[in-house]
1. Could you run through region 62-73 and say how many residues are surrounded by fewer than 18 Cβ atoms within 10 Å (Cβ to Cβ) and within 9 Å of the chain's Cα centre (by Cα)?
2. With the requirement that a residue be in contact (Cβ under 8 Å) with a residue 40 or more places away in the chain and closer than 19 Å to residue 15 by Cα, what does region 70-86 give you?
3. Against the conditions (1) open to solvent by 60 Å² or more (accessible area, probe 1.4 Å); (2) part of a loop (DSSP other than H, G, I, E, B), where does residue 37 fall short? Just the number, please.
4. Take the residues in region 40-57 that are within 14 Å of residue 80 (Cα to Cα) and outside any loop (DSSP other than H, G, I, E, B), then tell me which one is most open to solvent (accessible area, probe 1.4 Å).
Amino acid sequence: MFASGGHNEKGILRKNMELKLRDEFIKLGQAMKAAGIVSSGIDAKMLIQDGQVTVNGEVETRRGRKLYDGDVFEFEGDEVRVVKSIYGRTQCL
C-alpha cells in the first residue's frame, strides 16, 4: 500500500489523500493504519465501532469492511480515497 497526501511537516493529516492498493481490496481497519490515521488495530476498532468513521458517506461500524477502488472513507473531516495501482505499482497523478 502507498498513501499519498499524508501528513504535513507539522504531523497533521491533510484533508484529502489517496491510498493506493496492490490487491483487490483492503479492510477498513488496515486502511486506517496504512493512511496513518491510527497507529494500531485496536485504535481503528474503537473509532469504527463508535461510529466515527464513514465509508462512501455512510457510518460504518465493521472494521473488516472491504474497501475497493473508488471507495472513500472519512474520519474527523479527513478523507481518504482508495485507488487501485496499475500492475502493483503506484499510478502517476
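1. Residues flagged as surrounded by fewer than 18 Cβ atoms within 10 Å (Cβ to Cβ) and within 9 Å of the chain's Cα centre (by Cα) within region 62-73 amount to 1.
2. The initial filter retains those residues of region 70-86 that are in contact (Cβ under 8 Å) with a residue 40 or more places away in the chain, namely 73, 75, 77-85.
Those that are in contact (Cβ under 8 Å) with a residue 40 or more places away in the chain and closer than 19 Å to residue 15 by Cα: 73, 75, 77, 78, 79, 80, 81, 82, 83.
3. It is condition (1) that residue 37 fails.
4. Checked region 40-57; the qualifying residue most open to solvent (accessible area, probe 1.4 Å) is 54.
The rows are residues; the columns are (1) hydroxyl-bearing (Ser, Thr, Tyr); (2) modelled with pLDDT under 95; (3) touching a strand residue (DSSP E or B) at 6+ places or on another chain (Cβ under 6 Å); (4) on the phi < 0 side of the Ramachandran plot.
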position: 29; (1), (2), (3), (4): no, no, no, yes
position: 37; (1), (2), (3), (4): no, yes, yes, yes
position: 44; (1), (2), (3), (4): no, no, no, yes
position: 57; (1), (2), (3), (4): no, no, no, no
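The values are calculated or read from the model by the stated rules, or taken from the named source; none is laboratory data. Being a predicted model, the structure only gives us computed values, none of them experimental. Glycine gets a Cβ as well: all are built from the backbone with ideal geometry, and neighbour counts include every protein chain shown. Calculation scope for accessible area: heavy atoms of the full protein, side chains included, ligands and nucleic acids excluded. Shrake-Rupley method; radii C 1.70, N 1.55, O 1.52, S 1.80 Å.
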